[in-house]
Amino acid sequence: IIGARGTLLFSYQELPAEVSAVPRRGLLDTSRTPEDWHGTMEPHFERWAGAAHGQELWRPLRLIFSF
């Protein structure tokens, strides 16, 4: 199905679900995740200047479109 609503063009396709008896295993197999993941990753982020407490790294975003 291809449709348009106002200035929005969309397509929709639904295929039958595939049933698999054996779950597929991922390509990566590791258990080396650091216990303090936040502390490990924090140096890779820049803090927002002037941000409210608790929002120095993550800020809520204003929703501008919902469908």
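The values are calculated or read from the model by the stated rules, or taken from the named source; none is laboratory data. Keep in mind it's a predicted model, so treat the numbers as computed, not measured. For neighbour counting, all protein chains shown are included, and Cβ atoms are generated from backbone atoms with ideal geometry for every residue, glycine included. Heavy atoms of the whole protein, side chains included, go into the accessibility calculation; ligands, DNA and RNA do not. Shrake-Rupley method; radii C 1.70, N 1.55, O 1.52, S 1.80 Å.
Summary of values
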read-out: The range 6-21, subset among the polar types (S, T, N, Q) and open to solvent by 100 Å² or more (accessible area, probe 1.4 Å), residue nearest to residue 67 (Cα to Cα); value: 7
read-out: Filtered residues of the range 15-67 (kept if within 30 Å of residue 1 (Cα to Cα) and among the aliphatic types (A, V, I, L, M)); value: 15, 17, 19, 63, 64
read-out: Residue match in the range 41-54 (condition: among the small types (Gly, Ala, Ser) and either surrounded by 10 or more Cβ atoms within 10 Å (Cβ to Cβ) or touching a residue at least 40 places away in the same chain (Cβ under 8 Å) (or both)); value: yes
read-out: Residue check for residue 15: among the hydrophobic types (A, V, I, L, M, F, W, C), touching a Phe, Trp or Tyr at 6+ places or on another chain (Cβ under 9 Å) and in a loop (DSSP other than H, G, I, E, B); value: no
read-out: Some residue of the range 15-31 being hydrophobic (A, V, I, L, M, F, W, C) and in contact with a Lys or Arg (Cβ under 8 Å, 6 or more places away or on another chain); value: no
read-out: Pair list, Cβ < 8 Å and 6+ apart or interchain, from the range 56-67 residues that are farther than 12 Å from residue 46 by Cβ and open to solvent by 100 Å² or more (accessible area, probe 1.4 Å) to residues that are of a type outside the set (Asp, Glu) and in a loop (DSSP other than H, G, I, E, B); value: 59/48; 59/51
read-out: Index of the failed condition, residue 10 passing every other in (1) in a loop (DSSP other than H, G, I, E, B); (2) touching a Gly at 6+ places or on another chain (Cβ under 6 Å); value: (1)
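A quick yes/no check of all residues on (1) of a type in the set (Val, Ile, Thr); (2) out of contact with any Phe, Trp or Tyr (no Cβ under 6 Å at 6 or more places or on another chain):
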position: 1; (1), (2): yes, no
position: 11; (1), (2): no, yes
position: 40; (1), (2): yes, yes
position: 43; (1), (2): no, yes
position: 53; (1), (2): no, yes
